[in-house]
Amino acid sequence: MKTGRAQNKTSTSSQQQSSASTPSASNYKTAEQIAITAYMKAQARGFEPGHELEDWLAAEAEHQ
């Protein structure tokens, strides 16, 4: 049988692991901000095809 202290330590460890694998709301907000920035870059170029990845990577760099 575990003591209360050992159970709390195990419980906290499990909580930390599950929250690390779950995306947070701030991650979604950042992805949305990156998408908006990439869209604005494409718009400024007149939506010329073939630059989607370049726009996304540039937008990611701006938001880091």
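Read the figures in this text as sums done on the coordinates, not as results from a lab. Only a predicted model underlies this, so the values are computations on that prediction, with no experimental measurement involved. Ideal geometry is used to build each Cβ from the backbone, glycine not excepted, and the neighbour counts take in all protein chains shown.
Overview of results
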{"quantity": "Rough spin-label spacing in nm, given labels placed 7 Å along Cα→Cβ, for Y39 and E54", "calculated": "2.2"}
{"quantity": "Kirkwood Rh, angstrom, region 24-64 [1 / mean 1/r, Cα pairs]", "calculated": "10.3"}
